[in-house]
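Single-structure report; data block below.
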Amino acid sequence: MNRCRKCNVNILDDSIVCPLCKSVLELSDDMDNDKTGNLGIYQSKSISYPDVIKKRKVIRFVIRLSIFLSILIEALLILINVLGKNDKAWSLVTGAIFVYICFTIIYSFQRNVSHRAKLALQMLAAIPLILIIDYTYGANGWSINYGIPIIVLVLEMVVFILSMVNFRNCQLYLMVSLLGIIVSLVCAVIVRIGTFKFKLLSIIAAAVSIFVFALIVFLGDKKSTSELAKRFRI
Ligand SMILES: [Zn+2]
């Protein structure tokens, strides 16, 4: 076991520098030969830093394994798709699903990414997936008509619940809600310009996201306005 003399911590993994202060570690065993003989007190006072390297190795392995398996299975599916008689490029859809799953696995292990950012990323990643499925199966616009507005509605519902649970810090969810507004408005504009028959859902999604956003601004009061000012550097 290594220890940092400066921070007085035992490092359980095989790091060579201290994860806290970055100074070079020394072997704990050397301390046994401490002439002063007060090692017992010294060690009992020090705290152990958990073995994070092992955990990170497992995470890296899981990520690499899922990417490897995805590529392998997708290659097989493309082959089946090409050789098969089905004229639909359905392997494009499975490919998009694999990319989506791998993407989710990779960023869900990122500790420095907030759950709000993960929520936003999850929605943004679902959009190309839905567009690809729509495009592959006839491109009749259900992604714009229903798919993306439903995703926005789900997102806003989650944002609403989370901001109620974290009531004191509800302003933190403003930017995710704003993203919902932008996506649903883009959808509504496309529906308006295009020849889509069903226009209602994207407008409902936009209205709901504007409502959730306004509610958070209202409940967050000064915290919300300063959060917005900070984000947009007003
Ligand atoms: Zn240290």
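The values are calculated or read from the model by the stated rules, or taken from the named source; none is laboratory data. Please read all numbers here as calculations on a predicted model, not as lab measurements. With ideal geometry, Cβ positions are generated from the backbone for all residues, glycine too; neighbour counts draw on all protein chains shown.
Looking at (1) within 15 Å of residue 119 (Cβ to Cβ); (2) in contact with a helix residue (DSSP H, G or I) (Cβ under 6 Å, 6 or more places away or on another chain), which one does residue 227 not meet, given that it meets all the others?
(1)
For the stretch 41-61, indicate whether the set of residues that are away from the ligand (no atom under 13 Å from the Cβ), β-branched (Val, Ile, Thr) and at pLDDT 85 or above is non-empty.
yes
As an exercise: evaluate residue 87 against (1) among the charged types (D, E, K, R); (2) modelled with pLDDT of 85 or more; (3) closer than 30 Å to residue 126 by Cβ and give the number of the one condition it does not meet.
It is condition (2) that residue 87 fails.
Any residue at all in the stretch 80-103 that is buried (at least 16 other Cβ atoms within 10 Å of the Cβ), on the phi < 0 side of the Ramachandran plot and acidic (Asp, Glu)?
No - not one qualifying residue is present in the stretch 80-103.
Are there any pairs, at least 6 apart or on different chains, whose C-beta atoms fall under 6 Å, with the first in the stretch 1-25 and on the phi < 0 side of the Ramachandran plot and the second small (Gly, Ala, Ser) and near the ligand (Cβ under 8 Å from one of its atoms), and if so, which?
Correct list of pairs: 6/23.
For the stretch 130-234, give me every one of the helices (runs of 4 or more DSSP H) that falls completely inside it and has 3 or more residues that are buried (at least 19 other Cβ atoms within 10 Å of the Cβ) and touching an Asp or Glu at 6+ places or on another chain (Cβ under 6 Å).
Because the criterion is at least 3 residues that are buried (at least 19 other Cβ atoms within 10 Å of the Cβ) and touching an Asp or Glu at 6+ places or on another chain (Cβ under 6 Å), the helices (runs of 4 or more DSSP H) in the stretch 130-234 that meet it are 200-220.
Looking at (1) of a type outside the set (A, V, I, L, M); (2) buried (at least 18 other Cβ atoms within 10 Å of the Cβ); (3) in the same structural domain as residue 200 (by TED's automatic domain parsing), can you tell me which one residue 122 breaks?
Residue 122 satisfies all of (1) of a type outside the set (A, V, I, L, M); (2) buried (at least 18 other Cβ atoms within 10 Å of the Cβ); (3) in the same structural domain as residue 200 (by TED's automatic domain parsing) except (3).
For residue 141, indicate whether it is over 19 Å from the mean Cα position of the chain (by Cα) and on the phi > 0 side of the Ramachandran plot. Steps first, answer last, please.
On the way: over 19 Å from the mean Cα position of the chain (by Cα): yes; on the phi > 0 side of the Ramachandran plot: yes.
Yes, satisfied.
When you scan the stretch 14-25, do you find a residue that is away from the ligand (no atom under 14 Å from the Cβ), at pLDDT 85 or above and either assigned to a helix (DSSP H, G or I) or of a type in the set (A, V, I, L, M, F, W, C) (or both), even just one? Before you say what the answer is, go through the steps one by one.
Going through the stretch 14-25, the residues away from the ligand (no atom under 14 Å from the Cβ) turn out to be 14.
Applying the additional criterion that residues be at pLDDT 85 or above yields none.
No, the conditions are met nowhere in the stretch 14-25.
Search the stretch 201-225 for residues that are in the same structural domain as residue 168 (by TED's automatic domain parsing) and more than 26 Å from residue 144 (Cβ to Cβ) and pair each with any residue that is surrounded by fewer than 21 Cβ atoms within 10 Å (Cβ to Cβ) and of a type in the set (Lys, Arg) when their beta-carbon atoms are under 9 Å apart and the residues are at least 6 apart or on different chains.
Taking only residues 6 or more apart or on different chains, the pairs are 223/168.
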